[in-house]
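Quick notes on the structure that follows.
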Amino acid sequence: MLGANVVYGTSYVVARVTLERVPPAMLAFSRLALGALALGLFARRQRAKPLSGADRRAIAWMGILGFAGAYVGSNWGIAHSTATNAALLITVEPVAMILLSPWYLGERLSRRGALGATLTIVGTVVLVVNGIPGVTEKLAPHWSGDLVLVLAGIAYASYSLLGRRVLERHAPLGVTIRSLVWGAAALLPLAGLEWLSGARPAWTATAVSGTLYLAVVVTALGYVVWNWALARVPAPRAAIFLNIQPIVGALLGTLLLGEPITPFTVLGGVLVVTGLAVAFGPGAR
């Protein structure tokens with residue numbers, strides 16, 4: 001899980017650069033389609049167990065919400081925000097997993113978890129509005145992108161929540177491939193509309209290499225590892241490893257892209273990290 005989330009953390013900078021040449025829906029579709037193709041080459045040797053109707057529906061929603069919705073939302077958000085903000089706002093995902101696990105999986109939410117989630121939500125709000133709306137409007141040109149990134153984080157959480165029980169019964173590789181195919185199918189009409197609207201990709205060397213990295217390394221390999229681990233770790237515990245992403249992503253966004261860090265970014269980041277430490281630190285259950 002640690003390695004997978006370090007790789008995920010690099011995706012924000014790579015996506016930010018790739019989105020300069022490839023529109024959001026096309027990039028999301030390409031990631032899912034190429035990721036499914038790459039994993040399909042390894043799946044021929046494996047014999048999958050039969051899926052129940054409930055498992056099929058769960059996998060379909062994993063692809064539609066957790067892949068299609070999350071990817072196109074995060075791409076649009078990154079294109080209208082910064083890689084640094086995108087990396088920090090991924091903390092919405094573990095918070096959503098904490099808050100929704102009791103309802104969907106029956107995993108109890110402790111007082112400490114609730115307090116940590118509250119602090120993280122406050123920090124997320126500070127990051128999104130970057131201060132007080134109206135007063136700091138000129139300092140916060142990315143609020144719409146940040147808001148979509150928050151929604152994308154919730155969609156990402158749905159993938160793990162929906163997949164938790166399915167992955168207890170089925171191999172991670174097969175579940176990942178099926179959810180990728182569902183996600184790609186859901187995005188095909190949107191990518192087509194984007195194309196018809198005139199938003200065409202420019203397949204430069206940077207765009208191709210960025211898309212392949214996101215598809216094969218981040219999506220295909222990363223999610224197989226994540227799904228393998230998720231089958232063995234409770235959802236709230238798995239969420240702690242997601243905290244690696246904002247650290248890696250924010251550092252790369254600042255160092256490689258020269259993205260500025262405002263006082264509100266620092267304040268929001270401190271609140272987010274504090275909330276995560278409260279929820280997942282030593283002694284947490």
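The values are calculated or read from the model by the stated rules, or taken from the named source; none is laboratory data. These numbers were taken from a predicted model, which means no experiment stands behind them. Cβ atoms come from the backbone with ideal geometry, glycine included; neighbour counts cover every protein chain shown.
Taking every residue in region 151-176 that is modelled with pLDDT of 85 or more and among the polar types (S, T, N, Q) and pairing it with any residue that is crowded, with 22+ Cβ neighbours inside 10 Å and in a helix (DSSP H, G or I), at least 6 positions away or on another chain, the pairs with Cβ-Cβ distances below 6 Å are 158/65; 158/66; 176/223; 176/227. Of the residues that make up region 12-21, is at least one of a type in the set (Phe, Trp, Tyr), touching a Ser or Thr at 6+ places or on another chain (Cβ under 7 Å) and closer than 29 Å to residue 276 by Cα? Among the residues of region 12-21, not one is of a type in the set (Phe, Trp, Tyr), touching a Ser or Thr at 6+ places or on another chain (Cβ under 7 Å) and closer than 29 Å to residue 276 by Cα, which makes the answer no. Restricting region 123-150 to residues that are β-branched (Val, Ile, Thr) and either assigned to a loop (DSSP other than H, G, I, E, B) or modelled with pLDDT of 85 or more (or both), which is farthest from residue 64 (Cα to Cα)? Checked region 123-150; the qualifying residue farthest from residue 64 (Cα to Cα) is 135. When each of 71, 12 is tested for being aromatic (Phe, Trp, Tyr), surrounded by 19 or more Cβ atoms within 10 Å (Cβ to Cβ) and under 24 Å from residue 175 (Cβ atoms), the lone residue that passes is 71. Scanning region 3-44 for residues that are modelled with pLDDT under 85 and of a type in the set (Phe, Trp, Tyr) gives 8, 12, 42. Restricting region 69-122 to residues that are assigned to a helix (DSSP H, G or I) and of a type in the set (S, T, N, Q), the residue that is nearest to residue 159 (Cα to Cα) is 101.
Per-residue answers, yes or no, for (1) on the phi > 0 side of the Ramachandran plot; (2) among the aromatic types (Phe, Trp, Tyr); (3) modelled with pLDDT of 95 or more; (4) assigned to a helix (DSSP H, G or I):
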| site | (1), (2), (3), (4) |
| --- | --- |
| 199 | no, no, no, no |
| 207 | no, no, yes, yes |
| 219 | no, no, no, yes |
| 225 | no, no, no, yes |
